[in-house]
1. Pull up region 102-123, narrow it to residues that are open to solvent by 60 Å² or more (accessible area, probe 1.4 Å) and part of a strand (DSSP E or B), then point me to the one that is nearest to residue 64 (Cα to Cα).
2. Report, by residue number, each residue of region 2-55 that is at positive phi and either touching a strand residue (DSSP E or B) at 6+ places or on another chain (Cβ under 6 Å) or surrounded by 17 or more Cβ atoms within 10 Å (Cβ to Cβ) (or both).
3. Need pairs with beta-carbon distance below 6 Å; first residue at pLDDT 95 or above and within region 100-122, second among the acidic types (Asp, Glu); sequence gap 6+ or separate chains.
4. Of everything in region 86-101 that's over 19 Å from residue 74 (Cα atoms) and hydrophobic (A, V, I, L, M, F, W, C), which residue is surrounded by the most Cβ atoms within 10 Å (Cβ to Cβ)?
5. Filter region 56-68 down to the residues that are within 21 Å of residue 93 (Cα to Cα) and open to solvent by 70 Å² or more (accessible area, probe 1.4 Å) and list them by number.
6. One residue is enough: does region 14-26 have a residue meeting the conditions at pLDDT 95 or above, over 13 Å from the mean Cα position of the chain (by Cα) and not small (Gly, Ala, Ser)?
7. Would you point out the residue of region 64-101, among those that are over 16 Å from residue 13 (Cα atoms), of a type in the set (A, V, I, L, M) and in a loop (DSSP other than H, G, I, E, B), that is nearest to the chain's Cα centre (by Cα)?
Amino acid sequence: QVLLVESGGGKVQAGGSLRLSCAVSGRTFSTYAMGWFRQAPGKEREFVAAVSQGGGITLFADSVKGRFTISRDNAKNTVYLQMSSLTPEDTGVYYCAARSGILRTTNDAYESWGQGTQVSVSS
């Protein structure tokens, strides 16, 4: 089990940008594939992006392709989600998650979760 702590959320106007960070405890960060998910009010949590252990492979939801990037710094035990051209539809609580093994895009594939950080985009 690892501890994940997200930060960087906030309020932004449509068209703006935010960078989320997720700090992960433990010495085994580089063995985990990392994902970002989000949950809008009244909706189920959905996949946003994921990055492989070495950072060379990334996956994105169609809704964020071309606007969001995911990266990681294994020396700092941190994964990032850079979000740009934000729209009100990007509003929600953003969670980072860790899993052993190859990349997956489903909630139940991830073993450890952070507490989430709120992102609010106004029009």
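The values are calculated or read from the model by the stated rules, or taken from the named source; none is laboratory data. Remember, it's a predicted structure, so these values are computed and weren't measured experimentally. So basically every Cβ, Gly included, is an ideal-geometry build from the backbone, and we count neighbours across all protein chains shown. Ligands, DNA and RNA are excluded from the accessible area calculation, which covers all protein heavy atoms including side chains. Shrake-Rupley method; radii C 1.70, N 1.55, O 1.52, S 1.80 Å.
1. 118
2. Scanning region 2-55 gives 8, 55.
3. Pairs that qualify, where the first residue is at pLDDT 95 or above and the partner is among the acidic types (Asp, Glu), are 114/6; 117/6; 121/90.
4. In this case the residue turns out to be 86.
5. Passing the criteria: 62, 65, 66.
6. no
7. Taking the candidates together, the pick is 64.
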